[in-house]
Protein chains: 2
Amino acid sequence: MNKAVRHAISPRRAENYPEWYQQTIKAADLGENSPVRGCMVIKPWGYAIWELMQKFLDAKIKETGHENAYFPLLIPLSFLEKEASHVEGFAKECAVVTHHRLETGPEGGLIPAGPLQEPYVIRPTSETIIGYFYSKWINSHRDLPLLINQWANVMRWEMRPRLFLRTSEFLWQEGHTAHATAQEAEEETLRMLDVYVDFAENCLAMPVIKGSKTAGERFPGAVDTYCIEAMMQDGKAIQAGTSHFLGQNFAKSSEIKFADMDGSEKYAWTTSWGVTTRLIGGLIMTHGDDDGLILPPRVAPRQLVILPIYKSPEERQEVLAYCRCLQASWQELRFADEKIRVAIDDRDIRGGEKAWSQVKKGVPLRVEIGPKEVRDHKICYARRDQPSSAKQFVASSEFTAQLPQLLADMQQGLFAKALRERQARTREINSLAEFEAFFKEDAGLAGGGFALCHFDESASDHELLKTYKVSPRCYPLEQATFTPRAEVGSCLFTGKTSTRRVIMAKSY
Amino acid sequence: MNKAVRHAISPRRAENYPEWYQQTIKAADLGENSPVRGCMVIKPWGYAIWELMQKFLDAKIKETGHENAYFPLLIPLSFLEKEASHVEGFAKECAVVTHHRLETGPEGGLIPAGPLQEPYVIRPTSETIIGYFYSKWINSHRDLPLLINQWANVMRWEMRPRLFLRTSEFLWQEGHTAHATAQEAEEETLRMLDVYVDFAENCLAMPVIKGSKTAGERFPGAVDTYCIEAMMQDGKAIQAGTSHFLGQNFAKSSEIKFADMDGSEKYAWTTSWGVTTRLIGGLIMTHGDDDGLILPPRVAPRQLVILPIYKSPEERQEVLAYCRCLQASWQELRFADEKIRVAIDDRDIRGGEKAWSQVKKGVPLRVEIGPKEVRDHKICYARRDQPSSAKQFVASSEFTAQLPQLLADMQQGLFAKALRERQARTREINSLAEFEAFFKEDAGLAGGGFALCHFDESASDHELLKTYKVSPRCYPLEQATFTPRAEVGSCLFTGKTSTRRVIMAKSY
């Protein structure tokens, strides 16, 4: 890396945040666009992060009593049609399978053949196909609750794709549950919302506000949609996860009925909830800096990388042997109930380039070992959450003793920093002038944030909201990092009386 | 369970093996057919088995230096067309996406809209789309080898679907690697074949014969296809995994080129290899008995289930407390490097029905605990690999001491039993008369097996092969459980000289 270049990523965040985002993905080698419209490749480093996310969340989903299963990729059109608002919500973005083979056409190329009697869509979400099975599997109150999750790919045709944030195909988990009573289903909806809060905050170090969506922002077919919303460094919101109370809407359209204890036949109450690979995008925009990705240790595929430094083959042998010894002792240590993930980067490239590549990948700790460190039983280490020039020299025994705590401190520090930034940019807004000033277009990275506004939902198409591309994110619920105030006010836009504030923000 | 019924599954294997297979799946609640032609639902018990398979195999794939990634579901038609024999092999079974939205048609129902300029197929396998990316990612010999795996769903339109064995959509892993030399690529192909042998034999307790396919049975586009073949209880073969040496065929069609050390530009050498959810079908047909599924402990989601027995609420309290204590101590023990998976089945159903449901699910060990067992510190246990009436009473401390070894014995015992059965039904066949007798149609469960024949590949469409639906499975390689004889003979069908025997069998 040329010393004249101060930062690994060009442009810097303040110069052009969207472009910084793309360049950070490229520099960290997380993924790339594909020739298939809107679909991405998740490259090994990006996928390893997703695997760590899955591991954390899958354990929580199982701890809360759910089992994994797998349902078909394709959904018959007639299934989708059963729930009117659901199909309306998804019809415009469905990939449709119409044929089941290929044959050579009149001009020599392949053309679709074997037209299907009934076309299928590739699942945009699975309420309707899962509802079909639940109606078969559920007969009695003894079959309830039914608590199933699936990890799968889904497809929603995307006109303006953006890596990880909006892609036509994405990976997710979708939980689908059925219950005997409305109360149980509502409890489930909120239980899984809390699982998502735990996952976002304690695994991804991403502070979130949990809340309920306005009617206009609900999932198509839901009675209530709850969400977690995170603030990115440009003040915009990202919807990081949703949990839906579906009432009896899907139970009625899919005929999910059961004989209750008193013998009467009732419709079940259902929920669904999901998080997706867009969280990788959220992770980048929550923690990254002008040198690229910063990974919280819990989702870092490598938590510590050892960079051996040597000049001769003899030095190499000595230094590498020492590195392997350190690696062996460090990876016996544990952080967050798992062995610490330690790698040695012995690629045959220049030392500066090598160190920078690990910086750009967001590896939490870098340790340099040369002949001097071997001799003195010292190590030189750098933390990814501190400037890349801030190196520290300590006795290797001391470093070993501190390592688990160091990772814990970094994990906690990233969360605390993101929370401080969110809190600094969350404001109560009480007039249209304040609203305009808060969301003005030319504020750059420093402008905007979360505006707590009194809001009459009938004002959802107000000109100001459209002009600034601001939308209501959620009515916040009581939570550890946020306390909604009970307070009466009047809508910024219509003046009508309102009893609670909604969070308004630009969003991804 | 009515005492007059001797076995949990009807029909018994000897009566109707294919129907026994379907009924065993149903009784174990592993999966079911869907209204989407040829596509299945993998239900929680079936999916939990798949997760255990994935865990074992994923670790081996990573240990051998591969990283996971994720590539797009959809493949442009033009990509598929690039490799002539590849497209010929898959064109007849491709699901084709032709539209990207739905709209209301003239008759009110939804119809496909937004026709795509170029249709996509849902991946039947990913050589072509991954080849596209490899051609971008590989420039120099320093970029090689490139070793990537993905876990994904694929689709091959299936006219005669059968749960797990042949489904239009199935789950699998597909490894795709690129190398600088033919030798390295061949070594990789055989390395992964050995990983599959290890997986099949040590995880699934399924003995396999590894070998190379005849030209006619190769993967479309491969230079060599290697496979592992297992024998089911009806003597038929199942192809349990394949590993392909693709030569430079896909490198040429996808332009995967690199600058070698001497500066010259060369095409890479590639491989691909995969195993699928059909292994669940193979597992059922390798170990199951007339009471249903038998799971080797390594892939049993529950390795031991405790069945509490009580008559009054007071007894229930006492017995359950004791069961929980046993569960806590047993699940601290380890088998095959993991904590033993112990569940308590306290469902409110009759004891007999409860025990049989665990038998049918293939749970390796059942432990019954009633007030007497609590008092005497004894337990009564039954092994799934022994008749369900064979119960054993031992001191609970003794059982605890033996438990890990007991599971190891069962795992090993299932493998040994399947191997003995295969060996008993593997024969050298030296004449057409012997061939006809071996494969005669009315032999039922006891007939047929693996026939080691001298075979001239040009005889692949011989009438006898077609009549008996027999096909060449592989030329066996030297391996722990099978030693091919170096021997010259003459083809059963054409009389031409042959230097090695091929395994002939009926197959799934």
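Bear in mind these aren't lab numbers, they're just calculated from the coordinates by the rules spelled out. Keep in mind that what you see is a predicted model, and the values were worked out from it rather than measured. Backbone-built Cβ (ideal geometry, glycine too); neighbour counts: all protein chains shown.
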On alpha carbon coordinates alone, what is the Rg over Rh value for segment A:390-460, Rh being the Kirkwood radius? 1.30
Calculate how steeply helix B:313-330 sits against the longest principal axis of the alpha-carbon atoms of chain B, using the helix alpha-carbon long axis, and give the answer as 0 to 90 degrees to the nearest 10. 50
Spin-label pair residue A:433/residue B:51, simplified geometry with 7 Å Cα→Cβ offset, distance in nm: 5.8
Between segment B:299-364 and segment A:482-508, what is the separation of their alpha carbon centroids in Å? 52
One decimal, nm, shortest first: give the distances between the label point of residue A:142 and those of the same position in the other copies, each label point 7 Å from Cα along Cα→Cβ. 6.7
Isotropically averaged projected area of the protein assembly as shown, using the convex hull of Cα atoms (one quarter of hull area), nm²: 47.7
Cα-centred dipole magnitude for the protein assembly as shown, charges only on beta-carbon of K, R (+1) and D, E (-1), debye, nearest 20: 960
Taking the Cα centre of each part, how many Å lie between segment B:24-66 and segment B:143-157? 18
Helix A:182-198 versus the longest principal axis of chain A: what angle, 0 to 90°, nearest 10, using Cα atoms? 20
Is segment B:426-506 rounded, prolate or oblate when judged by the Cα gyration tensor, a ≥ b ≥ c being the square roots of its eigenvalues, rounded requiring a/c under 1.5 and prolate requiring a/b larger than b/c? oblate
Give the distance, in whole Å, between the Cα centre of segment A:454-480 and the Cα centre of segment B:392-416. 62
In peptide B:380-391, how many Cβ atoms from other protein chains are near each Cβ within 10 Å, on average? 0
If you average the sequence gap of Cα pairs under 8 Å that are 6 or more apart and divide by the length of chain B, what percent do you get for the contact order? 15
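Let's see if you can work this out: charge +1 on each Lys and Arg Cβ, -1 on each Asp and Glu Cβ, no other charges. What is the dipole magnitude of segment A:68-127 about its Cα centre, in debye to the nearest 20?
In debye, rounded to 20, segment A:68-127 gives about 120.
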Label 7 Å along Cα→Cβ of residue B:141; segment B:171-187 residues with amide nitrogen under 14 Å? B:179-184
homo-copy label distances at residue A:437 (7 angstrom along Cα-Cβ), nm, one dp, ascending, are 10.1
What's the average, rounded to a whole number, of partner chain beta-carbon atoms within 10 Å of each residue's beta-carbon in A:24-37? 3
Cut-off under 19 Å on the C-alpha distance; same-chain residues fewer than 8 positions from residue A:236 excluded. Which lysines are left, in chain and number order? A:210, A:213, A:417, A:440, A:466, A:469, A:506
About the Cα centre, and with charges only on the beta carbon of Lys, Arg (+1) and Asp, Glu (-1), how big is the dipole of segment A:297-422? Nearest 20 debye, please. 480
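Kindly state, to the nearest 0.05, the FRET efficiency for residue A:401 paired with residue B:320, given R0 = 35 Å and r defined as their beta-carbon distance.
Values: r = 45 Å, r/R0 = 1.27.
Computed FRET efficiency for residue A:401 and residue B:320: 0.20.
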Between rounded, prolate and oblate, where does segment B:17-287 land on the alpha carbon gyration tensor, with a ≥ b ≥ c its root eigenvalues, rounded for a/c under 1.5, else prolate if a/b exceeds b/c? oblate
Cα-derived Rg over Rh, computed across segment A:126-226 with Rh taken as Kirkwood radius: 0.99
Work out the charge dipole of segment A:297-422 with +1 on the Cβ of Lys and Arg and -1 on the Cβ of Asp and Glu about the Cα centre, then indicate which of A:297, A:322, A:351 is farthest towards its positive end. A:297
What residue among A:495, A:482, A:281 has its Cα farthest toward the positive end of the dipole of chain A, where the charges are +1 on Lys, Arg and -1 on Asp, Glu, each on the Cβ? A:281
Taking R0 as 30 Å and r as the Cβ-Cβ distance between residue A:259 and residue A:187, the FRET efficiency 1/(1 + (r/R0)^6), rounded to the nearest 0.05, comes to 0.85
Residue B:412-residue B:390 pseudo-label distance in nm [points 7 Å out on the Cα-to-Cβ vector]: 1.7
Charge dipole of chain A about the Cα centre (unit charges at C-beta), most positive-ward option of A:230, A:130, A:69: A:230
If you take the square roots of the eigenvalues of the alpha-carbon gyration tensor of segment A:284-387 and sort them as a ≥ b ≥ c, do you get rounded (a/c under 1.5), prolate (a/b over b/c) or oblate? oblate
Helix A:17-28: inclination vs chain A longest Cα principal axis, degrees, rounded to 10, gives 60
Exam field: residue B:353 pseudo-label spacings to other copies (7 Å along Cα-Cβ), nanometres: 7.0
Based on the Cβ-Cβ distance of residue A:85 and residue B:328, what FRET efficiency does E = 1/(1 + (r/R0)^6) give at R0 = 51 Å, to the nearest 0.05? 0.60
Would you kindly derive the ³J(HN,Hα) couplings of segment A:71-78 from the backbone phi angles with the Karplus curve 6.51 cos²θ - 1.76 cosθ + 1.60 (θ = phi - 60°), listing them in order in whole Hz, with x for Gly and Pro? 10, x, 5, 9, 10, x, 3, 5
Additional length obtainable on full extension of the chain from residue B:348 to residue B:118, 0.36 nm per residue less Cα span: 77.1 nm
Around residue B:139, what is the net charge, scoring Lys/Arg as +1 and Asp/Glu as -1 over all other residues with Cβ under 12 Å from its Cβ? 0
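Taking the Cβ of residue A:378 as the centre, find all other residues whose Cβ is under 10 Å away and add up their charges (Lys, Arg: +1; Asp, Glu: -1).
Here the count lands on -1.
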